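This report refers to the structure that appears directly beneath it.
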């Protein structure tokens, strides 16, 4: 019988689709990269998704985040993502957490229940905590390196963290993984040198912040506000999703 995953089954076969339907994947960070990871995973037939992000959709997210539209601005990203997931596959089980993942919040999550973990967050301490928790639980994990200030999606590649070069974030993660005795980590990264964002105050959040009063972790608190495009984060997210699906199905 035809269903929304029939075309995928023509490539992977029935057994693989059953494996995906019984799989549980956690995606930490539902932004430019993570939103596209979730999109591809649900469209591929993954049966249970845990989505973790405490952020709300901002007007400036619309240029790159698949869940961001003029209608979703101001709503929690995980709420918007959950609705979209169920519009695609009503049978998909969704566990959403309005949580900013850090070492201080890691005890809220039992990594042993996942079949795969995706790290699509920006904070180095949070990324390392996700990686360590997944490794300790013996669960496969894939991590997104820097996608901001990049313009060439074709330069992104899949590699072990110890095979990476040029990317500043990968350098930091590589160093910290070595300290922690983590001997391997699958990542998606680019050797493209980041573009320096223009210092244009007419379109800068620093001079035109639109976050509502009381917003926690405003982007203006960052040392640099990165530039972004519609086509780089999406490609990174889809590459990650492809790795997850192929690994889960042992393709």
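The values are calculated or read from the model by the stated rules, or taken from the named source; none is laboratory data. Computed from a predicted structure; not experimentally measured. Every residue, glycine as well, gets a Cβ built from its backbone with ideal geometry; the counts of neighbours run over all protein chains shown.
From 124, 118, which residue is modelled with pLDDT of 95 or more and touching a strand residue (DSSP E or B) at 6+ places or on another chain (Cβ under 8 Å)? Give the derivation first.
Numbers: 124 fails: touching a strand residue (DSSP E or B) at 6+ places or on another chain (Cβ under 8 Å).
Only one candidate qualifies: 118.
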> Within the range 219-250, how many residues turn out to be modelled with pLDDT under 90, assigned to a loop (DSSP other than H, G, I, E, B) and surrounded by fewer than 15 Cβ atoms within 10 Å (Cβ to Cβ)?
Replying inline: 3
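For the condition under 22 Å from residue 117 (Cα atoms), at pLDDT below 95 and not in a helix (DSSP H, G or I), what is the one hit in 181, 148?
Numbers: 181 fails: at pLDDT below 95.
Being under 22 Å from residue 117 (Cα atoms), at pLDDT below 95 and not in a helix (DSSP H, G or I) holds for just one of 181, 148, which is 148.
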